[in-house]
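Presented below is the structure to which this report refers.
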Amino acid sequence: MVETEIFRALADPTRRAIFERLARREMSVSELKAGFDVSQPAISQHLAALRGVGLVAERREGKFAYYRVDPKGLAPLVNWIDRYRTFWPARIDKLKDVLKGMGK
Amino acid sequence: MTDDKARDDTIIVECTLDEPPEQVWRALTEPALLAAWLMPNDIRPEVGDHFVLQGDADTGGTIDCEVLAAEPHHLLRYSWRGGEGRLDTVVTFELSGTPSGGTHLRIVHDGFATEPVHGTVTMLAVAPRRPPTRTVMQAGLRLAA
């Protein structure tokens with residue numbers, strides 16, 4: 001399921017940091033590398049993982065590639081949270097009925 | 001009942017119930033009572049106990065839980081993991097008595113974007129949120145808005 005992959009992709013601290021930086025603005029790999037103590041291939045690997053789950057989009061300009069956050073990428077995760085946002089209030093209504101039925 | 005929208009990756013639902021905390025605690029921790037409002041289950045409110053909530057399509061199937069904290073009539077916290085490891089979240093129930101003899105119940109469901117729990121129960125219990133994750137989510141959600 002897509003959510004699992006998103007959770008997994010964001011579980012890595014470096015990847016999370018990359019995602020956070022790209023949420024601010026579009027960057028090239030070398031711009032991204034400037035802020036991290038990891039090699040360029042490692043950055044590229046993290047970017048590939050983020051792109052794989054749709055969190056990051058790539059734009060090519062000649063031989064340069066730029067990366068930015070894809071706003072649609074987090075949607076499946078947001079859907080889960082939204083689902084539980086309505087889930088709990090509905091369950092509380094049921095809980096109230098159960099409590100009434102228990103007597104004192 | 002309020003729903004705190006300020007923290008985008010955390011769900012907080014609060015309500016006031018007429019019944020006292022002792023009774024609400026029973027509804028949260030006795031399998032038959034819990035089943036009547038949440039899901040069929042085999043809960044035992046003891047830290048470290050593993051139990052299962054038999055979820056339906058609403059919850060994406062079975063939820064695997066582990067009790068992380070259990071203070072009778074006050075606090076119940078357990079992990080909430082969707083089948084096949086889809087979700088790895090934590091639910092906390094906080095109960096406090098009201099002057100009129102009822103219960104203020106606060107449900108916090110969080111961890112929607114944190115690392116898998118594997119053996120970090122204590123850490124989660126002490127610090128359920130990790131600020132960097134929240135920043136990530138908020139950054140992403142701002143863009144998505």
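FYI, it's all coordinate maths here, none of it is from the lab. Predicted model only: the values in this text are computed from it and were never measured. Note: ideal-geometry Cβ built from the backbone for every residue, glycine included; neighbour counts use all protein chains shown.
Per-structure values
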read-out	value
Amide H contacts under 5 Å for B:Gly61, placed H, 5+ residues apart	B:Asp56
Theoretical gain in end-to-end length, B:Arg106 to B:Ala32 [0.36 nm per residue, Cα-Cα removed]	24.5 nm
Protection-proxy order for peptides B:68-79, A:32-43, each taking the mean of Cβ atoms within 10 Å per residue, highest first	B:68-79, A:32-43
Derived scalar couplings ³J(HN,Hα) [region B:59-66; Karplus, 6.51 cos²θ - 1.76 cosθ + 1.60; whole Hz; x for Gly, Pro]	10, x, x, 5, 10, 8, 10, 9
Neighbourhood charge, 12 Å Cβ-Cβ cut-off, centred on B:Ala69 and excluding it, Lys, Arg +1 and Asp, Glu -1	-4
Residues A:Ala65 and B:Val47, FRET efficiency given R0 of 30 Å [Cβ-Cβ distance, rounded to 0.05]	0.05
Averaged over B:69-76, number of beta-carbon atoms from partner chains that fall within 10 Å	0
Charge context of B:Leu95, other residues only, Cβ under 10 angstrom, K/R +1, D/E -1	-2
Nearest-20 debye value, chain A charge dipole, Cβ charges on Lys, Arg, Asp, Glu	400 debye
Radius 12 Å from Cβ of A:Ile18, net charge of other residues (Lys, Arg +1; Asp, Glu -1)	+4
Average beta carbon contacts from partner chains per residue of A:62-70, 10 Å cutoff	1
Per-peptide average of other Cβ atoms within 10 Å, ordering A:49-58, A:88-97 highest first	A:49-58, A:88-97
Shielding by partners, peptide B:9-18 (average Cβ within 10 angstrom, other chains)	4
Radius, Kirkwood style, for region A:2-102 when every pair of distinct Cα atoms is counted (Å)	15.6 Å
Distant-in-sequence amide H partners of B:Thr89 (H built 1.01 Å from N, under 5 Å)	B:Trp80, B:Arg81, B:Gly82
